[in-house]
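A.B. asks: Before I ask anything, let me first share the structure, which is written out below as structure tokens.
The values are calculated or read from the model by the stated rules, or taken from the named source; none is laboratory data. Not measured: the values here are computed from a predicted model. With ideal geometry, Cβ positions are generated from the backbone for all residues, glycine too; neighbour counts draw on all protein chains shown. Accessible surface is based on the protein model in full, side chains and every heavy atom, while ligands, DNA and RNA are left aside. Shrake-Rupley method; radii C 1.70, N 1.55, O 1.52, S 1.80 Å.
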Amino acid sequence: MGFISVFINGRAGRYWSWHNALPESEWILVSTPQMKEFERLGSSGFFWHAASSSLCKIAIDKYRPAQQPWRWLTRDIIERRILGKVDALREWSSNREMRRLGIDTIECRGVAMALNPFNAYGSLLLMELLHPAETLRSVYENTDSIGKREIIDYLAESIGKVAMAGYYFSDLHLNNILVSGERKVWVDTHIRRLPQSQEKASALLNQSLSAKKMLGEENRKEIGLYLKSLLSWYQFS
């Protein structure tokens, strides 16, 4: 842990880092056409760290102090930075927990939070960039029925491991998993603690298993029935 300096397209900022696997305490981040493409596909900012060949994912504040000062203060500053709900930190913690459960996740090389409340680049997550790679959804859509079944089985097992440990995926879809060679790697890792109420826990699991995200009602049912066989308390609907 410690302070680091981060330069984003030449603009300097000070950050507090919980984890920094790099030898230097200064990160120089730049925008590239590939990073712009990543931004087009998601809601985060993306920059390139050339010194470590790493991708930096940035959680950008949702509100601006001049336009929505109350929401900016309560949501972006108090809730996220002061009360500890730092986006990058939560994702890093989820990544580590999933690894502990035996699920292959992207290597995280650094995580930090902006010290200046007026710095809209609120938190940073530095990670490896898999290349070549394609999304599990793309693989699913271009494989045969046997391959599709293997993917759904893998997905069910991963969800089951997380649920057995008392968590659920808060952003579950096949675009969050990359296939690189023989690896299936979770790159967008967001797990949350399941509530103690079995009814509420079942509802959250069911909500995460939408037919749209599971690419079909049959896939949703197959995964749901697998979880039901694994978790005595789970009510699939």
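A.B. asks: Search the stretch 36-61 for residues that are free of Cβ contacts under 8 Å to residues at least 12 places away in the same chain and pair each with any residue that is surrounded by 14 or more Cβ atoms within 10 Å (Cβ to Cβ) and in a strand (DSSP E or B) when their beta-carbon atoms are under 7 Å apart and the residues are at least 6 apart or on different chains.
C.D. replies: The qualifying pairs are E39/G45; E39/F46.
A.B. asks: Something else: Read through the list (1) of a type in the set (D, E); (2) out of contact with any Ser or Thr (no Cβ under 6 Å at 6 or more places or on another chain); (3) modelled with pLDDT of 90 or more, then give the number of the only condition that E91 fails.
C.D. replies: Failed condition: (2).
A.B. asks: If you check A66, A50, A12, A21, which single one turns out to be more than 21 Å from the chain's Cα centre (by Cα), closer than 16 Å to L129 by Cα and of a type outside the set (F, W, Y)?
C.D. replies: Result: A50 is the single residue among A66, A50, A12, A21 that is more than 21 Å from the chain's Cα centre (by Cα), closer than 16 Å to L129 by Cα and of a type outside the set (F, W, Y).
A.B. asks: Can you work out which of the residues in the stretch 71-112 that are in contact (Cβ under 8 Å) with a residue 60 or more places away in the chain and in contact with a helix residue (DSSP H, G or I) (Cβ under 6 Å, 6 or more places away or on another chain) is most open to solvent (accessible area, probe 1.4 Å)?
C.D. replies: Filtering the stretch 71-112 for residues that are in contact (Cβ under 8 Å) with a residue 60 or more places away in the chain and in contact with a helix residue (DSSP H, G or I) (Cβ under 6 Å, 6 or more places away or on another chain), the one most open to solvent (accessible area, probe 1.4 Å) comes out as L101.
A.B. asks: Counting only residues that are over 18 Å from the mean Cα position of the chain (by Cα) and open to solvent by 20 Å² or more (accessible area, probe 1.4 Å), how many does the stretch 167-203 have?
C.D. replies: Qualifying residue count for the region: 9.
A.B. asks: Can I ask one more? Cβ-Cβ below 7 Å, separation at least six or inter-chain, first residue in the stretch 1-21 and in contact (Cβ under 8 Å) with a residue 24 or more places away in the chain and of a type in the set (S, T, N, Q), second loosely packed, with under 14 Cβ neighbours inside 10 Å and part of a strand (DSSP E or B): which pairs?
C.D. replies: Every condition considered, the pairs that remain are S17/G2.
A.B. asks: Turning to a different aspect of this structure: Just name the residue that is nearest to L155 (Cα to Cα) out of those in the stretch 204-237 that are out of contact with any Ser or Thr (no Cβ under 8 Å at 6 or more places or on another chain), of a type in the set (S, T, Y) and surrounded by fewer than 17 Cβ atoms within 10 Å (Cβ to Cβ).
C.D. replies: Checking each candidate, the answer is S210.
A.B. asks: I've got another one for you. Can you name the residue in the stretch 94-149 that is polar (S, T, N, Q) and not in a helix (DSSP H, G or I) and, of all such residues, is nearest to H190 (Cα to Cα)?
C.D. replies: So, considering only residues that are polar (S, T, N, Q) and not in a helix (DSSP H, G or I), the one nearest to H190 (Cα to Cα) is T105.
A.B. asks: Which members of the stretch 193-237 meet the condition of being among the basic types (K, R) and touching a residue at least 24 places away in the same chain (Cβ under 8 Å)?
C.D. replies: If the condition is that a residue be among the basic types (K, R) and touching a residue at least 24 places away in the same chain (Cβ under 8 Å), then R193, K213 are the ones that fit.
A.B. asks: Can you find, within the stretch 28-41, the residue that is least open to solvent (accessible area, probe 1.4 Å) among those that are part of a helix (DSSP H, G or I) and closer than 20 Å to F7 by Cβ?
C.D. replies: Selected residue: M35.
A.B. asks: Moving on to the next point. Which one is nearest to the chain's Cα centre (by Cα) among residues in the stretch 135-166 that are among the basic types (K, R) and closer than 16 Å to N219 by Cβ?
C.D. replies: Checked the stretch 135-166; the qualifying residue nearest to the chain's Cα centre (by Cα) is R137.
A.B. asks: With the requirement that a residue be open to solvent by less than 40 Å² (accessible area, probe 1.4 Å) and free of Cβ contacts under 8 Å to residues at least 24 places away in the same chain, what does the stretch 140-166 give you?
C.D. replies: Matches in the stretch 140-166: G147, I151.
A.B. asks: Using the structure shown, decide if P65 is free of Cβ contacts under 8 Å to residues at least 40 places away in the same chain and either at positive phi or not in a helix (DSSP H, G or I) (or both).
C.D. replies: For P65, the condition - free of Cβ contacts under 8 Å to residues at least 40 places away in the same chain and either at positive phi or not in a helix (DSSP H, G or I) (or both) - is not met.
A.B. asks: Restricting attention to the stretch 42-61, and to residues there that are touching a Gly at 6+ places or on another chain (Cβ under 6 Å) and assigned to a strand (DSSP E or B), which single residue is most open to solvent (accessible area, probe 1.4 Å)?
C.D. replies: The residue in question is I60.
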